[in-house]
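Peer 1: One structure follows; several queries about it will come next.
The values are calculated or read from the model by the stated rules, or taken from the named source; none is laboratory data. What you see is a predicted model; the values in this text were computed from it and never measured. We place every Cβ from the backbone using ideal geometry, glycine too, and count neighbours over all the protein chains shown. Note: areas computed on protein heavy atoms with side chains; ligands, DNA, RNA excluded. Shrake-Rupley method; radii C 1.70, N 1.55, O 1.52, S 1.80 Å.
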Amino acid sequence: MAYSKKRSSIRKGLCMALSVLFILTLTACSKTEETQQSTASKDSINVQGTFILNPADNLDLSADGLDTVQRYFLVVFDVTNNSDANEDISIRNDSIKLTMNSTNVYEQLSANSGVRLRSFLENCGYAVSTSYGTLWGGSETVRMCAAFAINGNDIKDSCTAALDFHLSNHINASVDLTADDIQPISLFDGVFAVEENADAYQLAHSVKVRAQLCKTALETASQAEHNGNTDLRAVQLALCSAIFSEETTWGVSCDGLTASDELPQFSLEAVRLVAPDDADAVEAISSNIAIMIEELDKDAPDYDAVNTAQRTAYDTLTKMAAE
């Protein structure tokens with residue numbers, strides 16, 4: 001009987017020990033799980049908009065190497081790293097995958113893909129994950145754009161899309177979409193619908209493109225003047241003036257070449273809201289182009305004034321186009 005009590009006492013002791021161990025294990029697991037959730041919550045990917053590009057008639061994508069059936073699918077998303085750890089963003093194209101209708105899988109295109117796409121990505125102000133580098137801990141949210149070349153037939157009234165992000169060891173997300181989430185656009189600039197002031201954003205980021213177009217026209221006008229072709233000179237200077245005129249009804253795309261009346265009409269005030277320094281530069285360019293036109297229309301132009309205005313405008317345009 002004494003032996004039985006002792007054995008019972010041992011059993012009770014073992015049970016208590018196991019209970020304590022079990023509780024400690026649960027607590028440890030809970031803390032680990034809580035830590036993992038905490039780490040994951042510090043990094044976030046938020047999709048702002050998804051778009052299918054059905055190109056307008058004046059958007060020439062022939063040099064982009066797409067098959068007839070292919071369409072550009074664009075995703076604008078925000079990446080935030082609130083943790084203390086720096087995150088190296090993956091340079092691999094498969095770091096973002098798009099699956100259409102649970103069937104066709106596509107990898108994002110690099111920033112150097114296509115002619116028009118490449119130009120747009122260079123000028124749109126959004127980062128591309130494959131060429132981003134390090135997302136520093138505690139840094140501000142970064143807006144990015146990912147592009148895919150998909151089968152246009154994937155887009156249907158009942159289509160589905162799944163985005164799988166693996167940007168780094170800790171910055172990952174999966175996002176499911178329906179047809180209602182995918183907006184059709186006719187120009188690349190349509191993705192700026194995600195911005196609070198889409199027109200101002202588009203105008204500010206197309207200024208660099210406008211500067212390059214104006215610079216080319218100014219070079220042509222100068223050469224035409226040198227060759228004695230006053231008609232061509234006048235046409236090119238008029239184009240320089242029109243590019244930054246608020247009376248011009250067409251806008252210029254961030255893709256580098258497309259002009260369309262579907263794009264915002266130029267507004268110096270709108271540019272100033274986003275990029276005040278660029279607005280000041282545009283004022284200087286427009287003023288000097290006006291001096292050139294006014295002087296060259298005279299019977300006896302002041303060529304010193306013309307040359308000074310041309311140099312000032314050209315130098316400003318060169319700086320803007322290179323930024």
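Peer 1: Relative contact order for the chain: what is it in percent, counting Cα pairs under 8 Å that are at least 6 residues apart? Walk me through the intermediate numbers first.
Peer 2: Working: 540 pairs, mean separation 52.9, N = 323.
Worked out over the chain, it gives 16 percent.
Peer 1: May I pose another question? Mind checking the full-extension length gain between D78 and S131? Use 0.36 nm per residue of separation minus the Cα-Cα distance, one decimal, nm.
Peer 2: Residue separation times 0.36 nm, minus the Cα-Cα distance, leaves 17.5 nm.
Peer 1: Shifting gears a bit: How many percent of the accessible area of the range 201-323 is carbon or sulfur, using a 1.4 Å probe?
Peer 2: Values: 3020 of 6160 Å².
Carbon plus sulfur share of accessible area: 49 percent.
Peer 1: Hey, with R₀ at 35 Å, roughly what FRET efficiency would Q183 and N229 work out to, going by the Cβ-Cβ distance, to 0.05?
Peer 2: Numbers: r = 46 Å, r/R0 = 1.32.
Approximately 0.15, to the nearest 0.05.
Peer 1: So, for the chain, what is the accessible surface per residue at a probe of 1.4 Å, expressed in square angstrom? Each step should come with its number before you reach the end.
Peer 2: On the way: 17390 Å² over 323 residues.
With all protein chains present, the chain gives 54 Å² per residue.
Peer 1: Within a Cβ distance under 12 Å of V115, other residues only, what is the Lys/Arg minus Asp/Glu net charge? Walk me through the numbers before you get to the answer.
Peer 2: Working: positive: R116, R118; negative: D60, D64, E122, D255.
Surrounding charge for V115 is -2.
Peer 1: Under a 1.4 angstrom probe, counting protein chains only, how are Y303, Y201 ranked by accessible area, largest first?
Peer 2: Y303, Y201
Peer 1: Sticking with this structure for a sec: Answer with a single label: of (1) 46; (2) 54; (3) 62, which was calculated as percent of Cα pairs over 25 Å apart from the structure in view?
Peer 2: Working out percent of Cα pairs over 25 Å apart from the coordinates points to (3).
Peer 1: I would also like to ask the following. Antiparallel as a % of all DSSP beta bridges within the chain, to the nearest 5?
Peer 2: Details: 40 of 45 bridges.
Rounded to the nearest five, the antiparallel share is 90 percent.
Peer 1: To the nearest 0.05, what FRET efficiency results for L273 and T103 with a Förster distance of 45 Å applied to their C-beta separation?
Peer 2: Approximately 0.55, to the nearest 0.05.
Peer 1: For T312 and N112, compute 0.36 nm times the residue count separating them, minus their Cα-Cα distance, and round to one decimal in nm.
Peer 2: 68.7 nm
Peer 1: For labels at S245 and A305 in the simple 7 Å Cα→Cβ model, what's the distance in nm?
Peer 2: 2.0 nm
Peer 1: Please report the accessible area of K156 (heavy atoms, 1.4 Å probe, ligands and nucleic acids excluded) in Å², nearest 10.
Peer 2: Roll a 1.4 Å probe over it and K156 shows about 120 Å².
Peer 1: Pop out the carbon and sulfur fraction of the accessible area of the range 70-110 as a percent, whole number, probe 1.4 Å.
Peer 2: Carbon with sulfur: 38 percent of the solvent-accessible area.
Peer 1: Quick check: with the 1.4 Å probe, what order do L268, L232 take by accessible area, largest first? Before the final figure, lay out each step's value.
Peer 2: Details: L268 35, L232 65 Å².
Per-residue accessible area, sorted high to low, gives L232, L268.
Peer 1: In addition: Between N197 and E294, what is the label-point separation in nm under the 7 Å Cα-to-beta-carbon projection?
Peer 2: So the two model labels end up 3.0 nm from each other.
Peer 1: Could you tell me the accessible area of S168 in Å² (1.4 Å probe, neighbours in place), rounded to the nearest ten?
Peer 2: Answer for S168: close to 20 Å² accessible.
Peer 1: In whole percent, what relative contact order does the range 90-189 give with Cα contacts below 8 Å and a gap of six or more residues? Write out the running numbers ahead of the final one.
Peer 2: Values: 141 pairs, mean separation 32.2, N = 100.
Once divided by the residue count of the range 90-189, the mean separation gives 32 percent.
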